[in-house]
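Contents: one structure, followed by commentary.
Here, each number is a calculation from the coordinates, and none is a lab measurement. Small disclaimer: the values here were computed from a predicted structure and weren't measured.
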Amino acid sequence: MNHPLAGQLTFNYETMELAADEGLYLIVCGVAPGSRDAEALNLLASWSASASARTTSKN
């Protein structure tokens, strides 16, 4: 995935078919701990948390 701010991110993923209904799948994505991808996601998460805190404090 190419994120406009974080750059190129590489995810590991696993897909599991759900038994509840045919055609439903659960896809779990992650990155290697300590990798550049993990650092980039942590940075994006901190920006999101900061923006969320500013929005909440205004209300």
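Database remark: amide H of residue 9 closer than 5 angstrom to the amide H of 2, 3 (H placed geometrically; neighbours at sequence offset of 5 or more, or on other chains; Pro and chain starts carry no H).
Shown in residue order for the range 38-45 are the 3J(HN,Hα) couplings computed by the Karplus curve 6.51 cos²θ - 1.76 cosθ + 1.60 at θ = phi - 60°: 5, 4, 5, 5, 4, 5, 4, 5 Hz (x for Gly and Pro).
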